[in-house]
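What follows is calculated from the coordinates using simple rules that are stated; it is not laboratory data. All values reported here derive from a predicted model rather than from experimental measurement. FYI the Cβ positions are ideal-geometry reconstructions off the backbone, even for glycines, and counts take in every protein chain you see.
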Amino acid sequence: MQQYGISLALAVKVYQKYGPQIYTIIRENPYRLADDIQGVGFRIADEIAGRAGIRADSDFRVQSGILYALQQAGGEGHTYLPKETLTAKVSEMLGVEAPLIEKQYMDLNVIRRIVMKEQKDEIQIYAASYYNMEHNAAVLLQQLNVRQDIEQVAPQTHIAAIEKQSHVVLDELQREAVCEAAVNGLLIITGGPGTGKTTTINSIIRLYEMQGLDFMLAAPTGRAAKRMSETTGYEARTIHRMLELNGGIEGNAGFERNESNPLETDAVIIDEMSMVDITLMYSLLKAIAPSTRLVLVGDINQLPSVGPGSVLRDMIDAGAYRVVRLTKIFRQASQSDIIVNAHKINRGEPVSLDNKSRDFFFLKRYDADKIINVVLQLVVQKMPKYVDAQMYDIQVLTPMRKGLLGVDRLNVVLQQYLNPPSPKKAEKERGEMLFREGDKVMQIKNNYQIEWEIKNRYGIAIERGMGIFNGDMGVIRSIREITELMTVEFDEGRIVEYPFKMLEELELAYAVTIHKSQGSEYPAVVIPLLNGPKMLMNRNLLYTAVTRAKKCVTLVGDENTFAYMAENMSEQKRYSGLKGRIMELEEAEER
């Protein structure tokens with residue numbers, strides 16, 4: 001197998017899978033390796049095929065290229081691609097003419113590897129798995145979307161009792177949300193910062209208690225779940241933990257809770273819904289019995305999920321479910337310029353940058369190195385005292401990965417000042433990145449199989465579980481060359497041992513992209529702003545960055561870039577078909 005560029009380790013894997021069949025497979029269709037063997041992608045299979053003399057325009061190569069392009073699109077957030085877009089991508093990647101590619105669509109459709117959908121004036125092409133997830137999710141949502149026959153008087157009585165108990169006065173929209181939670185199997189609540197989403201969730205919890213219902217609380221990330229626990233006083237878990245992750249392969253995570261073993265509860269409330277992608281949503285819906293109530297809470301103006309799909313937006317835009325939009329900014333929140341300015345950004349209104357605020361500052365600088373100097377002063381000296389937090393709690397957020405103010409460069413500089421080299425701190429180099437004990441790091445891909453444990457003060461494990469996810473943040477506690485292990489402590493005290501060969505799953509996190517900060521909240525954020533790609537520098541991104549801060553936002557850079565971003569409404573187009581699937585079911589039901 002070496003003549004085809006197959007390494008010894010891969011040769012063993014391949015032989016274990018196929019046995020003596022392997023020789024025929026390599027001669028006829030080496031692209032099967034990309035489908036069947038973990039760690040072999042299209043690129044590796046394509047190299048093997050080239051060495052095996054497979055023609056550049058062979059059916060196998062073109063089909064494999066199409067599936068690879070759809071897989072790549074999933075990584076960019078799309079569940080499908082328009083036919084023209086997909087053809088252009090595959091043609092450029094393989095160096096093959098469009099007619100040869102289009103000929104393969106029908107064949108892949110027949111063997112059910114892809115699904116072709118005609119919508120209005122375009123043909124949408126899905127990897128079959130994403131189409132099935134969207135279609136099945138729509139079916140499950142329809143089953144949950146039932147109204148209970150409860151007299152309106154009962155919820156109103158409960159609301160009066162809730163207000164008395166909690167010493168709060170609900171506004172009209174919050175009352176509406178609580179009433180709808182009493183009578184609807186499926187409810188969506190959306191609103192920006194300061195509009196009372198937390199008070200509404202707490203009131204719905206009280207209502208469920210009065211109705212004698214069991215409920216579960218969850219959020220997509222550890223940080224969001226921790227925040228939900230703090231604001232409600234009840235245990236909230238990540239969706240993965242609630243569904244009892246048992247460690248599967250990415251994209252095929254095994255959950256103990258599913259259609260044959262649903263969650264044993266009367267109601268489920270999910271916060272930070274804008275972060276939930278179609279894969280996780282489908283897993284969640286499978287685990288919810290049809291009689292269970294589901295309340296989804298989120299901010300539709302935040303960035304969409306990192307994973308594929310646009311679940312919250314599609315569900316709202318479909319117009320099939322009860323949606324309550326919270327719009328009133330409460331008095332306490334209206335005293336925060338972070339919240340007031342976030343809403344101004346969202347509405348496209350001018351924001352005052354005169355620094356007369358107590359929690360929203362703009363420091364004008366026009367040179368990347370000067371901006372970095374100011375960022376360092378803020379993170380190291382000024383912000384920790386100002387917001388009464390640790391230096392590591394101050395988060396630098398930037399729009400980009402690359403460039404003078406990108407994550408890669410900022411992390412190198414920030415590491416040097418926040419966690420400088422010391423003879424007492426072990427280090428480990430991986431590629432261009434240097435990890436040091438005490439570094440702040442982030443997991444950059446979902447790993448469903450990695451184990452974590454929470455220890456008590458005597459070092460004894462009191463809880464164990466599976467899975468660390470894209471965006472989880474932690475601190476390096478130890479690096480041990482002898483055993484080739486690095487220990488990282490994540491939120492909630494979850495401790496993970498990383499073998500050195502798995503370090504590509506981690507990166508420094510003194511600065512993170514705004515995308516990766518979704519669902520997190522920090523005492524203070526510092527945002528360097530100079531310039532960047534037009535499609536990226538938009539209102540959506542700026543709004544998400546500003547709303548990550550609890551006590552203080554400081555932007556450092558060019559006020560013209562700020563103004564441009566606030567005006568630029570062009571979001572990167574995300575191809576997602578859940579809305580279409582929901583509407584198809586609604587139309588079928590009406591017919």
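Of the chymotrypsin sites (Phe, Trp or Tyr not before Pro) in the range 363-463, the ones in a loop by DSSP (not H, G, I, E or B) with at most 12 other beta carbons within 10 Å are 366, 458.
Quick check: the distance between the Cα centres of the range 76-95 and the range 193-235, to the nearest angstrom? Cα centroid of the range 76-95 versus Cα centroid of the range 193-235: 41 Å apart.
Measuring against 31 Å, Cα to Cα, the residue pairs 382/445; 344/402; 164/551 contain 382/445 as the ones spanning a longer distance.
The Cα atoms of the range 521-574 give a gyration tensor whose axes a ≥ b ≥ c have a/c of 1.5 or more with a/b no greater than b/c, which makes the shape oblate. Please give the calculated 222 nm ellipticity per residue for the chain, where each DSSP H segment of at least 4 residues contributes -39500 (n - 2.57) and the sum is spread over every residue; nearest 500 deg cm²/dmol? Counting only the DSSP helices, I get -12000 deg cm²/dmol. Principal axis extents of the C-alpha atoms in the chain (largest first, rounded to whole Å): 76, 70, 54.
Could you please report the charge total around residue 374, scoring K, R as +1 and D, E as -1 over all other residues with beta-carbon less than 11 angstrom from its beta-carbon? With Lys, Arg at +1 and Asp, Glu at -1, the net is +2. Count the net charge of all other residues whose Cβ sits under 11 Å from the Cβ of residue 538, scoring Lys and Arg as +1 and Asp and Glu as -1. Around residue 538, the charge tally is 0. Along the charge dipole of the chain, which of 195, 109, 127 sits closest to the positive end, that is, farthest toward it, with unit charges on the beta carbon of Lys, Arg, Asp and Glu (+1, +1, -1, -1)? Going by the charge dipole, the pick is 195.
What whole number of Å gives the distance from the Cα centroid of the range 529-591 to the Cα centroid of the range 453-498? Using only Cα atoms, the two centres lie 34 Å from each other. How would the range 14-167 be classified by its alpha-carbon gyration tensor: rounded, prolate or oblate, with rounded meaning a/c under 1.5 and the a/b versus b/c comparison settling the rest? Taking the square roots of the gyration eigenvalues as a ≥ b ≥ c, the range 14-167 is prolate. Placing unit charges on each Cβ (+1 for Lys and Arg, -1 for Asp and Glu) gives the chain a dipole about its Cα centre, and among 75, 208, 400 the Cα reaching farthest toward its positive end belongs to 400. Rounded to the nearest 20, the size of the Cβ-charge dipole of the range 161-311 about its Cα centre is 200 debye, with Lys and Arg at +1 and Asp and Glu at -1. Look at the alpha carbon pairs under 8 Å that are at least 6 residues apart: their mean separation over the length of the range 341-449 gives a relative contact order of 12 percent.
The stretch between residue 157 and residue 84, if pulled fully straight at 0.36 nm per residue, gains 20.6 nm over its current Cα-Cα span. Karplus-derived 3J(HN,Hα) values for the range 552-569, using 6.51 cos²θ - 1.76 cosθ + 1.60 with θ = phi - 60°, are 7, 10, 10, 9, 10, x, 9, 5, 5, 5, 4, 4, 4, 4, 5, 8, 7, 9 Hz; glycine and proline are entered as x. Bridge orientation summary for the chain: considering DSSP beta bridges with both residues in this region, about 50 percent are antiparallel. Taking a ≥ b ≥ c as the square roots of the eigenvalues of the Cα gyration tensor of the range 330-405, is the shape rounded (a/c under 1.5), prolate (a/b larger than b/c) or oblate? Oblate, since a/c reaches 1.5 and b/c is not below a/b. Mean separation of Cα pairs under 8 Å and 6 or more residues apart, divided by the residue count, gives the chain a relative contact order of 14 percent. Residue separation of residue 168 and residue 390 scaled by 0.36 nm, minus their Cα-Cα distance, works out to 76.7 nm of gained length. If you take all other residues with their beta carbon under 9 Å from the beta carbon of residue 197, and give Lys and Arg +1 and Asp and Glu -1, the sum is -2. For a straight C-alpha distance cut-off of 17 angstrom, the aspartates and glutamates reachable from residue 534 (same-chain residues fewer than eight places away being disregarded) are 558, 559, 567, 571.
The calculated FRET efficiency for the pair residue 260 and residue 560, based on their C-beta separation and a Förster distance of 60 Å, comes to about 0.55.
The residue among 373, 18, 570 whose Cα reaches farthest toward the positive pole of the charge dipole of the chain, with charges on the beta-carbon of Lys, Arg, Asp and Glu, is 373.
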